[in-house]
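Read through the structure below, which is laid out as structure tokens, and then see the notes.
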Amino acid sequence: MRRGLFTREYVWSVLNLLVLHIGPYLLLSVISVYAMSLTGSNTLAGVMTSVFPLTGLIGRFLAAWLLERMPSKRVTVLTTALLVAASAAYLVCDSYPVAVSLRAVQGLGYSMAVTSLTTHIVDILAPDVRLEGIGYSSLTNTLCSVFGPTLAFSILGPEVDRFFLLFACVLVASVVALFMAVFSQDSGQVSAKVEDFGQTTDEAPIRWGSALLSAALMAVVTFSQSASSSFLSLFALDKGFQGIGLYFTLNAVGVFASRFVMGHIVGALGQRLSVAVSIAIVAAATVGIALADSIALLYAVAVPYGFAIGLLQPIVNAHLVDVLPDSKSGTANALFYAAGDVGFICGPVAWGAIAQATSYATMFVASAAVLAACVGFTFICGFEGKQRRA
């Protein structure tokens, strides 16, 4: 029996996820500015930026461990409370060592809360609407990545120095997220829910090989994608292009558009071909960036690039959930997010070294070559063909 997608609990949980993202995304683009104001050191500013995803990577798997031992609601409440505590402490922080420690705690709390909340969302979705449900919920991330930096700089003001006000806004968002988590539905253990779908946990085979290969694929794609996410603005400045901000807006439009048609695309092509085509489009768009001689060409590749990434990510996430038992949906989500963390931690360093030794254009071509190799790798990851199981 097909369950409706937009149930009250699903909508509440997605809104909770949106609010949970707000605080960290407000700080994402300006935390290095705060670190510079405390130290005057680019190196220490970089450490402040890097510590968040590093502790986040640890938090993914710690959350997965907890989710196999307690209900997702409890994990979400406890870890969001940790995020609230770290956010509140920023209001009285006046030294770099304390600030970087709080940033590490924020990364831990945020990653654990996101992993547990997205696991809860997966748990309340019937298998036949899982792909669409994951896709729509992940739009919360896209929304905050588009509007977060602009809002943060608006709060900081023309002198970029109103950090107390910014930290207060981050704290308010975290408190609201905690309030919403407290009043969410308590779904209990993951394994207690599978009977609703006419199956038992024991019936779901553990396909660790497919799960790990798919996570590795996502890590490599994210590693390659980090070339454009980290260096596109510098590439545009180097070329003398004006208006690069519109590229990121158009890219987000592509992501949004993909979520409304991905069910039809996967239904027609299957997971395997959908993933392969998506990666190929990203590779082609990356080549287009390398060859761009005007801002217009960057605008032209922005929408297909975003569309392909927007299609790819929910498919891989849903696949990881599908190939592991329902009792390990937390592990599946942790693998997906950790793959992205690894790519974005390692990628900027590697691509920066290549750009320093050669040029931005060469760096983008190398990134596209890695993506092209991933197209072939897709076919050994265990993605389903045209016929998806119910």
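Just so you know, all these numbers are worked out from the coordinates, no wet-lab data involved. As the structure is a prediction and not an experimental result, all values here were calculated from the model. Cβ coordinates were reconstructed from backbone atoms using ideal geometry, including for glycine residues, and neighbour counts include every protein chain displayed.
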quick shape note, segment 228-303: Cα extents on principal axes in Å, largest first -> 43, 20, 19
Restricting to Cα pairs under 8 Å and 6 or more apart, the percent relative contact order of segment 8-197 works out to 39 percent
HIS264 and SER29 label points (each 7 Å along its Cα→Cβ direction) are spaced in nm at 3.2 nm
Contact order relative to length for the chain, counting C-alpha pairs under 8 Å separated by 6 or more residues, stands in percent at 24 percent
So VAL98 and ALA280, fully extended at 0.36 nm per residue minus their Cα-Cα distance, gain in nm 61.1 nm
The Cα radius of gyration of segment 204-380, divided by 2.2 N^0.38 Å with N its residue count, comes to 1.04
Simple SL model, points at 7 angstrom along Cα→Cβ for LEU91 and GLN242; separation in nm is 4.3 nm
Mean-square fluctuation maximum in Gaussian network of the chain, Cα pairs under 10 Å, restricted to LEU371, LEU178, LEU66, hits LEU66
If HIS120, HIS319, HIS264 are placed from fewest to most neighbouring beta carbons inside 10 Å, the sequence is HIS264, HIS319, HIS120
The orientation-averaged projected area of the Cα convex hull of segment 1-132, in nm², is 8.8 nm²
With the charge dipole of segment 204-380 built from beta-carbon charges (+1 for Lys and Arg, -1 for Asp and Glu) about the Cα centre, the Cα from PRO348, GLY240, ALA257 projecting farthest to the positive end belongs to ALA257
Per 10 angstrom bin, beginning at 0 and ending with the bin that holds the maximum distance, the Cα pairs of the chain fall in percents of 5, 23, 33, 26, 11, 2, 0
On the formula 1/(1 + (r/R0)^6), with r taken between the Cβ atoms of ALA300 and LEU212 and R0 of 51 Å, the FRET efficiency rounded to 0.05 is 0.90
When GLU384, GLU68, GLU159 are ranked with the fewest other C-beta atoms within 10 Å first, the list becomes GLU159, GLU68, GLU384
About its Cα centre, the chain carries a charge dipole, from +1 on Lys and Arg Cβ atoms and -1 on Asp and Glu Cβ atoms, whose size in debye to the nearest 20 is 320 debye
In the chain, helical segments from DSSP H whose Cα atoms cover 15 Å or more along their own axis and that average at least -1.0 on the Kyte-Doolittle scale are 8-28, 42-67, 72-89, 96-123, 139-156, 163-182, 208-239, 245-291, 295-323, 329-357, 360-377
Simple spin-label estimate for PHE256/PHE6, 7 Å along Cα→Cβ, in nm, reads 1.6 nm
Counting Lys and Arg as +1 and Asp and Glu as -1 over every other residue whose Cβ sits under 15 Å from the Cβ of LEU212, the net charge comes to +2
Proxy exposure order for GLU132, GLU9 (fewest C-beta within 10 Å first) is GLU9, GLU132
Per residue, the convex hull enclosing the alpha carbons of segment 259-354 has a volume in Å³ of 114 Å³
Subtracting the Cα-Cα distance of LEU15 and LEU54 from 0.36 nm times their residue separation yields 11.4 nm
Per DSSP loop assignment and a cutoff of at most 12 other beta carbons within 10 Å, the chain keeps its longest run without exposed trypsin sites (Lys or Arg not before Pro) at 70-388
